[in-house]
Amino acid sequence: MATVTLSAVTKSYAGNAVIHGIDCVIEDGEFVVIVGPSGCGKSTLLRMVAGLEAITGGTIAIGDRVVNQVEPKDRDIAMVFQNYALYPHMTVFQNMAYGLKIRGLSRDAIRARVDKAAEILQLGALLERTPRQLSGGQRQRVAMGRAIVREPQVFLFDEPLSNLDAKLRVQMRVEIKRLQQRLGTTSIYVTHDQTEAMTLADRLIVLNGGIAEQIGRPIELYERPASLFVAGFIGSPAMNFLDGAAGDDGRVVLAGGTVLAATAPAGSGVTVGIRPEHLVPAAESEAAAHLHVDMVELLGADTIVYGTLGEGGPALLLRLAGIAQIAAGTRLPLGFPPEQLHLFDRATGKRL
Amino acid sequence: MQRRVVFDGKLLPYLLVAPQLAVTLVFFFWPAAEAVYFSTQRQDAFGLSTVFVGFENFAAVFADPGYLHSFQVTAIFSVAVTLLAMLPALLLAVMADRVVRFASVYKTALMLPYAVAPAIAGVLWLFLFAPGIGIVANALKWLGIDWNYLLNGNQALLLVIVAAAWKQLSYNFLFFLAGLQAIPKSLLEAASIDGAGGFLRFRTIVLPLLSPTTFFLFVVDVVYAFFETFGVIHAVTGGGPSKATEILIYKVYYDGVVGLDLGGSSAQSVVLMIIVIALTAVQFRYVERRVHY
Amino acid sequence: MESRSGHLSWLPHLILVLGLALVGFPIYVTFVGSTMTTPEILSGHMSLIPGGHFVENYLAALTQGMPQLSGVPVARLMLNSLIMALSIALGKMLISFLSAYAIVFFRFPGRMVCFWMIFLTLMLPVEVRIVPTFQVTANLGLIDTYGGLAIPLIASATATLLFRQFFLTIPDELIEAARLDGAGPLRFLWDVLLPLSRTNLAALFVILFVYGWNQYLWPLLVTNTASMTTLVVGIKSMLTVDANTPWHLVMAMAILAMAPPAAVVLLMQRWFVKGLVDAEK
Ligand SMILES: Nc1ncnc2c1ncn2[C@@H]1O[C@H](COP(=O)(O)OP(=O)(O)OP(=O)(O)O)[C@@H](O)[C@H]1O
Ligand SMILES: [Mg+2]
């Protein structure tokens, strides 16, 4: 087991910087998820930890050892790829055993380790099959098995579930989490799926354009997003954003004229964020504003209401628990609970 | 095209390419360079010294009526071989693509000439047509046709054309069949729903889709007729009678190896190289890659 | 596609059977000839039913020294052909596999130069540069040697291009997985790439074996003694101008010269057809 320390890590391809200096200490046994939109550099960062990409600047240490110049095979890590990258001509057993064989383990030791991993992953009956004869979920398991048998210091996962269908993805997500808790191995996991990120992570790194926007526990990120980007990325459906400004007295007023119970530095442009689940219908007398309802989706467990703030105003989404009987065309009085408002500097996107 | 992920290694890649590069340099670039060099030299009568003569060898070659005659023979020969190898192959491939029963039997049997050496193909046909011996020759005689390819140049040319085309039929058949099978059936079904009959479908859909294959085979067949048919000519007619079947490659061999005219033969080699390079270039324009066996 | 015109469904079969006859007839007649005596063949009305001298003729051809071949028996020529075909096929496959591996899986200065040098060889069949190639081979003292028969012909780009094409389809992650497993380039080559290339290797073997076995002009030039020549070339020497041609033996030799490449093609048909078409595309 080991910590992984990233210090001012940067990466450029032919002069184009794609990672702009990441600092993060991943604790021993921690499960860290790197999340962000496509092309933000998640894979690149993970592959630098693996040693598959050269590090342009900064250092990466596994345990106490700086590994910048260490070959991938000597870093004591194991990686699970998105397309699994199983050897097509080898059986499941041989796939898992290959790395151990190269490392010179005895046949008995290899057998023991593979059997143990196969038992954990319920692959026992499949050991003599080739990858072609396996389902997607089974292949995924073999890829994990290949990582487990190595008993590495760190597991690296690059979108390991994205080739699976939705149902299997949820199931494997739970399995990965359980497995990691059982083995207690430090893990770094890349995904662009925020649900996967929220459910798996001890801590999240939200990456955007090669910059770590925020690093923290999932709930922290949900409750106190450090930037507009994080606020919009974490949570589903995504947070509503409304333009506003702080008056001379610092009170925030929305573009439509609604005055909110929040303050910001006087005279600044503000973006106000509120999550769909935090908007509440209010009594007509206490309404801060009205939602013009366009469309209603009844999902059973909750109801999603689409509309605009005032006639022709900005779009707004509302999520209500249970089944709410609201018809399209209604004018819904709304309240903005002050403790659920997120204020961001409109110019920098940073939290105020 | 490049891979994103590669191995590190300073010396290893050079060791890996070295064998092929060595063979290529020694047996390809060196001889090619020599051909170009000798094509500008003339040896004295005893082969002891050579002098630079510029394009004189080329001028001599093109002034030689024998060479121009050989060009003519080659043109007739290669066009005839190409057509005779392609058209029946296309017909057979279209039929083989249609049948379900015995399909693999037909395919396997039609593959056979691919395995036969051109020289052996020549011998097979020679055996059928040898005057006084071959059963076809005897049948022709019985029909009153005066068949003797050893004396009649046109008959000799016809015989080597048939033998050479026969051997190449397989190759064309396999490629046409593969090309036909690559045409999505849904396309043909859509056309029949549109009311296109069998022949119309073939002309408006199959043939255009097959045209890259056709073009590819055309060039391959021409190159085959130019060079690989040496065995047919050498075994059956030896270029005769009176040079009626002397194609260019045979003349290069004859002048260089039998006639020991190094300069002239090298000049002819250079001309042939230019022809192949031109053919290849033309093909690259249409079909991306060409590979020649 | 079976067409709707069901009443014409015999037509394709008819045409194909005619095609088979065209392809098969010369081979069949030759085979029949190889089971007769020369007087029977020359009788002017040769039968189309095999004669009774099959064993006798083939045994004679294989073991008897042929006067037209300076007393060398056909078995020796077959051995030469086999050595030449195998050396060419295996030699080409080996050097092409290695060079394609270097070109695809490494970055090194001169990589593209190497690629183009190999690629250029695609353009010039050996026949075109035959005389100078012969001289180079002679200068190297390779006349009348197996090396001289095979080595000059193993320089060709075809196999290299085929392997290169295949190697480019190997997913990057497979290489990375191998690196993480601790496999270096040579281990990867041996443990992963070679087994994955099995189909390509099989197809190429067929194509190259046939190519090597069927060579004519090159062995004709590069061998001077009958004991070093190949079967395909040797047959020509049997067709003497005078009336003494032993036709029955010539026919047996022709069949013997066709049998090995035909057997290779037929036995490995499955890979061959796919490989041939892939190789040329
Ligand atoms: N070998 C390379 N050469 C040049 N640019 C590269 C290379 N690899 C990645 N990039 C660039 O670096 C950026 C980050 O790529 P990366 O693969 O890390 O994205 P990602 O976050 O994993 O995206 P995805 O979710 O689509 O997998 C991208 O803009 C990509 O174009
Ligand atoms: Mg990625």
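No lab work stands behind these numbers, since they all come straight from the coordinates. Only a predicted model underlies this, so the values are computations on that prediction, with no experimental measurement involved. Cβ coordinates were reconstructed from backbone atoms using ideal geometry, including for glycine residues, and neighbour counts include every protein chain displayed.
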Next item on the list: Pop out the ³J(HN,Hα) list for segment A:262-267 in order, Karplus 6.51 cos²θ - 1.76 cosθ + 1.60 with θ = phi - 60°, rounded to Hz; leave Gly and Pro as x.
Entry: 8, 10, 8, x, 4, x
Next item on the list: Distance between Cα centroids, segment B:254-283 to segment A:248-286: provide it in whole Å.
Entry: 88 Å
Margin query: Using Cβ counts within 10 Å as a stand-in for footprinting exposure, how do A:PHE336, B:PHE58 rank, fewest first?
Written below: B:PHE58, A:PHE336
Note to self: Of B:GLY239, B:SER266, B:VAL276, which is farthest towards the positive pole of segment B:62-292's charge dipole, taken about the Cα centre with +1 and -1 on the beta-carbons of Lys, Arg and Asp, Glu respectively?
What the structure shows: B:VAL276
Item checked: Alpha-carbon spread of segment A:168-294, three principal axes, descending order, Å -> 56, 32, 21
Checklist line | Computed label-point distance, nm, for sites C:ALA21 and B:PHE52 using a 7 Å Cα→Cβ extension | finding: 6.5 nm
Notebook entry, point to check: So how do B:201-213, A:202-214 stack up, highest first, on mean other-Cβ count within 10 Å?
Noted result: A:202-214, B:201-213
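So if we plug the beta-carbon distance of A:VAL66 and C:LYS274 into 1/(1 + (r/R0)^6) with R0 = 60 Å, what FRET efficiency do we get, rounded to 0.05?
Result of the calculation: an efficiency of 0.75.
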Note to self: Using a Förster radius of 35 Å, what is the FRET efficiency between A:VAL170 and A:GLU27 based on their Cβ-Cβ separation? Nearest 0.05, please.
What the structure shows: 0.85
Next item on the list: Might you report the magnitude of the Cβ-based charge dipole of segment A:240-345 about its Cα centre, with Lys and Arg at +1 and Asp and Glu at -1, to the nearest 20 debye?
Entry: 100 debye
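Suppose the chain between A:GLU220 and A:ALA301 were pulled fully straight at 0.36 nm per residue; how much longer would it get relative to their current alpha carbon spacing?
Fully extending the segment from A:GLU220 to A:ALA301 adds 26.7 nm.
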Check: Quick one: Cα centre-to-centre distance for segment A:226-243 and segment B:73-127, in angstrom?
Finding: 70 Å
Next item on the list: Determine, for B:GLU246, A:GLU128, the number of other Cβ atoms within 10 Å of each Cβ, and report the residues in order from fewest to most.
Entry: A:GLU128, B:GLU246
Next item on the list: From zero up to wherever the largest Cα-Cα distance of segment A:114-165 sits, split into 10 Å bins and tell me the percent of pairs in each.
Entry: 24, 53, 22, 0
Checklist line | Kirkwood Rh, Cα atoms: Rg over Rh of the protein assembly as shown | finding: 1.13
Next item on the list: Over all alpha-carbon pairs in segment B:143-287, figure out the percentage whose distance exceeds 18 Å.
Entry: 68 percent
Check: Across 10 Å bins from the origin, how do the percents of Cα pairs in segment C:23-277 run, short distances first?
Finding: 7, 24, 28, 21, 12, 6, 2, 0
Check: Looking only at segment C:10-37, which residues have a backbone nitrogen under 12 Å from a spot 7 Å from the Cα of C:LEU48 in the C-beta direction?
Finding: C:21-22, C:25-26, C:28-29
Check: Can you pull the semi-axes for segment B:95-204, root of five times each eigenvalue of the Cα gyration tensor, sorted largest first, whole Å?
Finding: 39, 17, 12
Notebook entry, point to check: Taking the Cβ-Cβ separation of C:GLU56 and B:SER211 as r and a Förster radius of 51 Å, what is the calculated FRET efficiency to the nearest 0.05?
Noted result: 0.45
Checklist line | Exposure proxy order (Cβ contacts within 10 Å, fewest to most) of C:TRP218, C:TRP116 | finding: C:TRP116, C:TRP218
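Could you give the alpha-carbon Rg of segment A:202-255 over 2.2 N^0.38 Å, rounded to two decimals?
Values: Rg = 13.7 Å, N = 54, 2.2 N^0.38 = 10.0 Å.
Rg over 2.2 N^0.38 Å, computed on Cα atoms: 1.36.
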Notebook entry, point to check: Once the Cα atoms of chain B are picked out, what are the Rg and Dmax in Å?
Noted result: 23.5, 77
Check: In terms of modelled amide H atoms, which long-range or inter-chain residues lie less than 5 Å from the amide H of A:VAL270?
Finding: A:GLY244, A:ALA245, A:ALA246, A:ARG346
Check: Tilt of helix C:54-63 relative to the longest C-alpha principal axis of chain C, in degrees (0 to 90, nearest 10)?
Finding: 60 degrees
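Taking the Cα centre of segment B:1-116 as origin and charging only Cβ (+1 Lys, Arg; -1 Asp, Glu), how large is the dipole, in debye to the nearest 20?
780 debye
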Margin query: Please compute, for peptide B:268-278, the average count of beta-carbon atoms on other protein chains lying within 10 Å of each residue's beta-carbon.
Written below: 3
Notebook entry, point to check: Mind listing the phi-derived Karplus ³J(HN,Hα) values for segment A:173-179, rounded to whole Hz, using 6.51, -1.76 and 1.60 with θ = phi - 60°, and x for any glycine or proline?
Noted result: 4, 4, 5, 4, 4, 4, 4
Check: Which value in nm describes the separation of the simple spin-label points at C:LEU194 and C:THR63, placed 7 Å from the Cα toward the beta carbon?
Finding: 4.0 nm
Notebook entry, point to check: Quick one: putting +1 on the C-beta of Lys and Arg, -1 on the C-beta of Asp and Glu, what dipole do you get for the protein assembly as shown around its Cα centre, in Debye to the nearest 20?
Noted result: 1380 debye
Next item on the list: Rounded to the nearest 500, what is the 222 nm mean residue ellipticity of chain C from helices alone, with -39500 (n - 2.57) per DSSP H run of 4+ residues and division by all residues?
Entry: -20500 deg cm²/dmol
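Could you work out the mean count of beta carbons from other protein chains within 10 Å of each residue's beta carbon in B:231-241?
Mean partner-chain Cβ count within 10 Å for B:231-241: 2.
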Note to self: At 222 nm, what value in deg cm²/dmol follows for chain A if DSSP H runs of at least 4 each add -39500 (n - 2.57) and the sum is divided by all its residues, to the nearest 500?
What the structure shows: -7000 deg cm²/dmol
Next item on the list: Sort largest first and round to whole Å: the equivalent ellipsoid semi-axes of chain A, each the square root of five times a Cα gyration tensor eigenvalue.
Entry: 46, 25, 14
Notebook entry, point to check: How many nm is it between the label spots at B:ASN152 and C:HIS13, if each spot is 7 Å from the Cα in line with the beta carbon?
Noted result: 3.8 nm
Next item on the list: Quantify how strongly other chains surround peptide C:148-158 by giving the mean number of their Cβ atoms within 10 Å of each of its Cβ atoms.
Entry: 4
Notebook entry, point to check: From Cα coordinates alone, what are the radius of gyration and Dmax values for segment A:240-345 in angstrom?
Noted result: 13.9, 45
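Over 31 Å between C-alpha atoms is what I'm after, so list which of A:LYS42/A:LYS73; A:LYS73/C:LYS274; A:LYS116/A:LYS167; B:LYS167/B:LYS251 land there.
A:LYS73/C:LYS274
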Check: Of B:LEU150, A:VAL293, B:SER192, whose Cα points farthest to the positive end of the dipole of the protein assembly as shown (charges on the beta-carbon: +1 Lys, Arg; -1 Asp, Glu; origin at the Cα centre)?
Finding: B:LEU150
Next item on the list: May I ask for log10 I(q)/I(0) of segment C:6-74 at q = 0.19, 0.26, 0.28 Å⁻¹, from a Debye sum over the Cα atoms as equal point scatterers with solvent left out?
Entry: -0.84, -1.08, -1.12
